[in-house]
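Comments concern the structure below.
The values are calculated or read from the model by the stated rules, or taken from the named source; none is laboratory data. Note that this is a predicted model, so its numbers are computed, not measured. Cβ sites come from the backbone with ideal geometry, for glycine too, and all protein chains shown count toward neighbours. To get the accessible areas, we keep the full protein, side chains included, count just its heavy atoms, and leave off ligands, DNA and RNA. Shrake-Rupley method; radii C 1.70, N 1.55, O 1.52, S 1.80 Å.
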Amino acid sequence: MNLIQFFDTRGERAVGAVDNDVTRVVNGASSVYELAMSALTRADGLGALIAEMGLGDTVDRDAILADGRMLAPVDHPDPAHLYVTGTGLTHLGSAATRDAMHTANSGQAETGLTDTMKMFRMGLEGGKPAAGQKGVQPEWFYKGNGYSVINPGHPIPSPSFALDAGEEPEIAGIYLIDHEGQPRRLGFALANEFSDHVTERVNYLYLAHSKLRACAFGPELRIGDLPAHIEGKSRIWRDGKVLWEKAFLSGEDNMSHTIANLEYHHFKYDLFRRPGDVHVHMFGTATLSFADGIKTEANDIFEIEAAQFGAALRNPVSNESEQPLSIGNLY
């Protein structure tokens, strides 16, 4: 079962359960967050709660997407309490593009391994620890909070100061922190970890700047464990035609870290275990259009799909005009 959130034809929030491409309204539900908070008080979990509430009318998921009424599959009543974070250099083959970018600027290929390759090798050697042991920590980055999340189908804005606007097809883990301060996994979703790869290429220390961008995830939340092997497609549409397309792989079979290891190294920080907070944590990718020389333009459409996650995630890209900034004293 997958879950979606959307506005119904009256403009009211609703939750839908998707099973074999048939979507039915979850009776009495307007928020996956509220459902999850209620499920914390039960021993049998979110799925059992939804079964108890029951399913109502069938709705047209594709029409909801076409009408722009789809919401991200989870949000928070206070967007500042939804964290968007991620890890990099986690997939087999993911280091090649990053290393090429950083080597071109540093010339380190002649003298030794770049920091990118060192980090990647650390993951290969220690990212899948034996049961009960802690593995090596991955690269980690912060993207923003709930205000950074763009709903499926809506334009992802690229700021006026950006040097590039590139997609990153990823899988995101979705978590709710329970009343005891422990992470509870809700499921997984497709994600577009939208980034500025040209800024990153200037110097790898600019990685943090390159990640502070909007992003999108969904449209469906897959309830249950992450498949060990995921095959998907990432493509860019321009003027109604496919400009670029490439397969991507994810799941632990295609990663240098276990999901458990990535989760541990995020949630080991007290800051990320505040009861009631939501976390959208992206697990990295090995496929980028940027690596193939693609430079996106306004109104290009990103499309990310994988059969195990239901409907494709589609978002156009837009360019923001410069925003006024006035920094003054308050003394």
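Between Thr41 and His209, the modelled labels are 4.9 nm apart [label points 7 Å from Cα along Cα→Cβ].
Around the amide H of Val59, modelled in the peptide plane, lie the amide H atoms of Thr23, Arg24, Val25, all under 5 Å away and 5 or more residues distant in sequence or on another chain. Extending 7 Å from Cα along the Cβ direction at Asp62 and again at Asp292 yields two label points whose distance is 2.5 nm.
Separation of the alpha carbons by more than 27 angstrom is noted, of Lys134/Lys246; Lys211/Lys233; Lys118/Lys268; Lys246/Lys295, for Lys134/Lys246. For segment 14-96, taking Cα atoms only, Rg and Dmax work out to 16.4, 49 Å respectively. Here the sum of -39500 (n - 2.57) over DSSP H runs of 4 or more residues, divided by the residues of the chain, equals -5500 deg cm²/dmol at 222 nm, to the nearest 500.
Report the one residue of Val22, Thr114, Ala66 whose Cα lies farthest in the direction of the positive end of the charge dipole of the chain (charges on C-beta: Lys and Arg +1, Asp and Glu -1; origin at the Cα centre). So the residue we want is Thr114.
Of the solvent-accessible surface of the chain, computed with a 1.4 Å probe over protein heavy atoms with every protein chain present, carbon and sulfur atoms account for 51 percent.
Net charge dipole, the chain: roughly 480 debye, given to the nearest 20, about the Cα centre with Cβ charges of +1 for Lys and Arg and -1 for Asp and Glu.
Taken per residue, the accessible surface of the chain reaches 47 Å², heavy atoms only and a 1.4 Å probe.
Fully extending the segment from Arg274 to Thr258 would add 3.4 nm, taking 0.36 nm per residue of separation and subtracting the current Cα-Cα distance. Of the residues Ile301, Ile171, Ile259, the one that moves most in a GNM of the chain with alpha-carbon contacts below 10 Å is Ile259.
Most tightly packed first, judged by the mean number of other beta-carbon atoms within 10 Å of their residues, the peptides 204-217, 302-315 read 302-315, 204-217.
Here the chain is treated as an ellipsoid with the same Cα gyration tensor; its semi-axes, largest first and in whole Å, are 31, 24, 20. Classification of segment 126-269 by its C-alpha gyration tensor yields a prolate form. The axis ratio a/c (a ≥ b ≥ c) is 1.5 or more, and a/b outweighs b/c. The length gained by stretching the chain between Glu52 and Asn27 to full extension, at 0.36 nm per residue less their Cα-Cα distance, is 8.1 nm. Cα centroid separation, segment 253-288 to segment 133-165: 14 Å.
With an 8 Å Cα cut-off and a minimum separation of 6 or more residues, compute the relative contact order for the chain in percent.
Relative contact order comes out at 22 percent.
The distance separating the Cα centre of segment 1-75 from that of segment 180-231 comes to 22 Å.
One chain, two ends: Lys241 and Lys134. Fully extended at 0.36 nm per residue, the span grows by 33.9 nm beyond their Cα-Cα distance. Checking the a/c ratio against 1.5 first, then a/b against b/c, what shape does the Cα gyration tensor give for segment 183-331? Oblate is the answer for segment 183-331, as a/c is 1.5 or above yet b/c matches or exceeds a/b.
Out of the DSSP beta bridges found with both residues in the chain, what percent are antiparallel (nearest 5)? Counting DSSP beta bridges with both partners in the chain, the antiparallel share is about 85 percent. The alpha carbon gyration tensor of segment 1-53 gives principal lengths a ≥ b ≥ c with a/c of 1.5 or higher and a/b no greater than b/c, which makes the shape oblate.
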